[in-house]
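Read the structure below first, then the notes.
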Amino acid sequence: MNNVEGIVADDLLIPLNKKKLLEPGIIIRRIGKDKDQQGCFLQYGDDNGLILINIIDMKTNTLVVSKGLMKPKRGEKLYYYKTTFRNSPAAEEAIAIVKNWDLYKKHRDIQTSIIRFVSATYVPEQILDLKKKDSLSLIFIPIQQKFRIGRFKDRRNPERICHDRFRFWLESLNEGEHITYVAQVLQQKDYTPRFYSSGTKPHVVTIELLRNEIFNFQPTHGGHIKTAGVKEGKKHFIVDAGSHALGSGANTPLNTSEKITEALIKLYPEFQFTPKQGRGAFGKEQSY
């Protein structure tokens, strides 16, 4: 594979053949005369195409698209990395490198999201190799593009930033994982609901972090959202409104979470949401 360019040792890449059954989370690389891209495998698409997330152009080290279909053309070959952040002994060291980045330290509210993005975009050995070559900017640029920080500081409407930031949380959750959220859901005509999360942090901490955001709003509800497989071809979540800080905890009635679910469906129709009473979407990690 002497035509392989970029931040990887050749022995980490394995040619992808039709017999290989890919699992979600494997990093795929497409290499050809004019293209060198990699992304995280999500699922199979039509006509044997691969649906990937976080597709990076390895020639320019830029984020091409957050989700797209990759299908090799004539003269292009597909490879997959034999390591991921789930199985590589270098994972902990690679994460420590990212956590030492100045912009990571600055943006406390998206630190968990940054780690998720890195883990679903690269393999640990790439990050270690970049550090050795003093070229960590090659991964820091796509991170800045994804979260619109640093050189790519966001200049969009604050409401749009809020909307897209929460969508990323929904996109990045794996099966069985949950997040805590706070929301502003009002019974007013022509009103757009808002949602915010900082991962599984308690609601009181989430509210405090929200105050530092450009899209800061006064939350009216809070609860949990948890992945629950696929429903009608869409990623499915169960939702409760059982925050102690912004509600009645385990005593929260179903009709309250139904209002939250209606707001989520309005904002994110690409997903399915099912309301639960009380704290029915509570995950394994501590949150209130």
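Read-outs: derived from the displayed coordinates by stated rules, not from any lab. Quick caveat, the model's predicted, so the values are computed rather than measured. Cβ coordinates were reconstructed from backbone atoms using ideal geometry, including for glycine residues, and neighbour counts include every protein chain displayed.
Taking a sphere under 12 Å around the Cβ of Leu63 and counting the other residues whose Cβ falls inside, with K and R at +1 and D and E at -1, yields a net charge of +2.
At R0 = 30 Å, how high is the FRET efficiency between Lys73 and Leu21 if r is their beta carbon distance? Nearest 0.05 is fine. Could the numbers behind the result be given before it?
Working: r = 23 Å, r/R0 = 0.76.
The value I calculate is 0.85.
Normalising the Debye intensity of the chain to I(0), with uniform scatterers on Cα atoms only, and taking log10 at q = 0.07, 0.08, 0.15 Å⁻¹ returns -0.29, -0.37, -1.17.
Net charge around Asn216, counting only other residues with Cβ within less than 13 Å of its Cβ (Lys, Arg = +1; Asp, Glu = -1)? Provide the component values of the computation, followed by the final result.
Working: positive: Arg165, Arg194, Arg211; negative: Asp109, Glu159, Glu208, Glu213.
So the surrounding residues net to -1.
Can you flag which of Lys132/Lys226; Lys105/Lys231; Lys153/Lys235; Lys19/Lys131; Lys146/Lys235 are past 27 Å Cα-Cα?
On the way: Lys132/Lys226 39 Å; Lys105/Lys231 37 Å; Lys153/Lys235 30 Å; Lys19/Lys131 35 Å; Lys146/Lys235 21 Å.
Over 27 Å apart, Cα to Cα: Lys132/Lys226; Lys105/Lys231; Lys153/Lys235; Lys19/Lys131.
For the stretch 153-222, take every pair of Cα atoms, bin their distances at 5 Å starting from 0, and report each bin as a whole percent. Reading the bins upward from 0: 3, 16, 26, 26, 18, 9, 2. The Asn255 and Gln218 beta-carbon pair, evaluated with R₀ = 30 Å, returns a calculated FRET efficiency of approximately 0.85. Its alpha carbons give the stretch 215-263 an Rg and a Dmax of 12.2, 34 Å. Each Lys and Arg adds +1 at its Cβ and each Asp and Glu adds -1 at its Cβ; summed about the Cα centre, the stretch 114-202 shows a dipole of about 440 debye. The alpha carbon gyration tensor of the stretch 10-81 gives principal lengths a ≥ b ≥ c with a/c below 1.5, which makes the shape rounded.
Look at the dipole of the chain built from charges on Cβ: of Ser137, Leu264, Leu22, the Cα furthest out on the positive end belongs to Ser137.
Treating only the Cβ of Lys, Arg, Asp and Glu as charged (+1, +1, -1, -1), what charge dipole size does the chain show about its Cα centre? Round to the nearest 20 debye.
Working: 45 positive and 32 negative charges, 80 e Å.
Using only the charged Cβ atoms, the result is roughly 380 debye.
For the stretch 169-275, compute Rh as the Kirkwood radius over C-alpha pairs and then the Stokes-Einstein diffusion coefficient at 4 °C and 1.567 mPa s; write the answer in µm²/s, rounded to an integer. Present the calculation step by step, with values, prior to reporting the outcome.
Values: Rh = 13.9 Å.
Translational D for this selection: 93 µm²/s.
Once the chain from Lys133 to Glu177 is taken as fully extended at 0.36 nm per residue, the excess over their C-alpha distance is 12.3 nm. Structural size metrics of the stretch 69-150, computed from C-alpha coordinates, are Rg and Dmax of 14.0, 44 Å.
The slack in the chain from Arg151 to Ile115, taken as 0.36 nm per residue of separation less the alpha-carbon distance, amounts to 11.1 nm. Taking a straight Cα-Cα cut-off under 12 Å and skipping sequence neighbours fewer than 8 places away in the same chain, the aspartates and glutamates within cross-link reach of Lys73 are Asp34.
Spin-label pair Glu270-Tyr191: with each label point 7 Å from Cα along the Cα-Cβ axis, the two points sit 2.7 nm from one another.
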